[in-house]
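The values are calculated or read from the model by the stated rules, or taken from the named source; none is laboratory data. Since the structure is predicted, the reported quantities are computational estimates derived from the model, not experimental observations. Ideal geometry is used to build each Cβ from the backbone, glycine not excepted, and the neighbour counts take in all protein chains shown.
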Amino acid sequence: MLEKSFGLFFFLKKPKNEKGNARYIYLRLTVDGISKDVATKRQWDNLRWNASAGRATGLKEDAKALNSYLDVMCSKVYQAKKMLMDADKPLTAENLKNVLTGQGEEKRMILAAFKHHNEQMKALVGQEFTPSTLMRYKTAHDHTAAFIQWKYQMGDLDVKELDYEFVSQFAFWLKSVRKCGHNATMKYLGNLKKIVLECIKKGWLLKDPFAGFKTNKKEVIRVALTKEELNNIACKEFGTDRLNHVRDIFLFSCYTGLAYIDVYQLRRSDLVTGVDGGKWIVTTRQKTESATRLPLLPAALNIIAKYEDDPKCINKGLVLPVLTNQKMNSYLKEIADSCTITKNLTFHIARHTFATTVTLSNGVPIETVSKMLGHKSLKQTQHYAKIVDLKISEDMAALKGKLATI
């Protein structure tokens, strides 16, 4: 298709029944000789206007500000032109005006788009998404809705209204009103950003409101048990079967690196004979769907054997009779108190302990640890490596010894 003739120009129009030099500024769009005028909703003194250039004259700040605003309008015209061409819609002055003013097209609302996304995600829970992922997006939707009501006193917002100001104020609101930490704030913004990018791909939004906004998370120092603390828990005999049971499940995670949900779902069919003739766990992490291939340490095998005849495990084909995460974490607090451990002991600390105290500190290469943890990239595992101060100390001591003999 041949390029159509296209032009845009700003001009002044005198208001009816008004005296003085004030004039309304209009934008004239012309395509193939047919023109449409668009109101800029700005006024200007006609004595300070260059009619041939279509701009304010002078070096005063108000003139500079107006010309900057008109330049932005020009950019929006070219964006609208590109959008029409990309969508294979006729390039006419009328269509350009409709895109710029939002007329002649259905309004697209951000919360409606968010809700539609979550409904589709719900239909794929168990196939592509976990229930916890769906819950996170539902929470992000609710936060977005509450912010829009707080800031705009509206039940929803046109996606065209989204800009950098919206994103930055939403971040501020999450931290100040909802008392979210920095990383939680970035997580919810990331959920919203996914919806916004979908709107851009569909042509509902011309510019990414997240452009220029940094969504970097702060690094979290992961807590792990020391060798002494791990031994204290392993050697401690508790007065109730309940605490001994929870201790065993926790230790199993310390010796395998499996997350709570993966231990909870671990089936006897996941135990196979590996290439070395020993017992391995071959499973898929629920969180990332990454394959995990893990040779079992003797301590983990002993715990498995301990519950081999457990009725719950036999009936359901499970490796271990795991309690709910809430109960596990509650009882772990009692275990920490009994073992005089001051750290906030949660089940997830077991995974960190496997990565640091059990493997990296004992010289297992980080690439191997990454595979056993089911990480998709080495970068995820490097967070653990940064806190193994003891291993760093031992490595440097060995280096000092080598250098001393040179």
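Out of curiosity, is GLY317 over 12 Å from ILE249 (Cα atoms), touching a Pro at 6+ places or on another chain (Cβ under 8 Å) and not basic (Lys, Arg)?
The answer is no for GLY317.
This table checks each residue for (1) in contact (Cβ under 8 Å) with a residue 24 or more places away in the chain; (2) in the same structural domain as GLY374 (by TED's automatic domain parsing); (3) within 26 Å of VAL364 (Cβ to Cβ).
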residue: GLY274; (1), (2), (3): no, yes, yes
residue: TRP280; (1), (2), (3): no, yes, yes
residue: THR292; (1), (2), (3): yes, yes, yes
residue: PRO295; (1), (2), (3): no, yes, yes
residue: ALA299; (1), (2), (3): yes, yes, yes
residue: GLY317; (1), (2), (3): yes, yes, no
residue: PRO321; (1), (2), (3): yes, yes, no
residue: ASN325; (1), (2), (3): yes, yes, no
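Looking for whichever is under 22 Å from the mean Cα position of the chain (by Cα) and at pLDDT below 90 here; the options are THR133, THR139. Which one fits?
THR133 is the lone residue from the list that is under 22 Å from the mean Cα position of the chain (by Cα) and at pLDDT below 90.
Taking the condition in the same structural domain as VAL72 (by TED's automatic domain parsing), surrounded by fewer than 15 Cβ atoms within 10 Å (Cβ to Cβ), of a type outside the set (S, T, N, Q) and outside any loop (DSSP other than H, G, I, E, B), does LEU47 pass?
yes
Which of the numbered conditions does VAL38 fail, given that it passes all the others? Conditions: (1) free of Cβ contacts under 8 Å to residues at least 12 places away in the same chain; (2) farther than 19 Å from ASP62 by Cβ.
(1)
Which one of ALA63, ALA56 is surrounded by 13 or more Cβ atoms within 10 Å (Cβ to Cβ), farther than 23 Å from ASP158 by Cβ and touching an Asp or Glu at 6+ places or on another chain (Cβ under 9 Å)?
After ruling out the rest, the residue left standing is ALA56.
To keep it simple, each residue is scored yes or no on (1) at pLDDT 90 or above; (2) surrounded by fewer than 21 Cβ atoms within 10 Å (Cβ to Cβ).
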position: ILE221; (1), (2): no, yes
position: ASN244; (1), (2): yes, yes
position: TYR255; (1), (2): yes, no
position: VAL272; (1), (2): yes, yes
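Of all residues in the stretch 184-212 being without any contact (Cβ under 8 Å) to a residue 40 or more places away in the chain and among the β-branched types (Val, Ile, Thr), which is surrounded by the most Cβ atoms within 10 Å (Cβ to Cβ)?
Among those residues, the one meeting the criterion is THR185.
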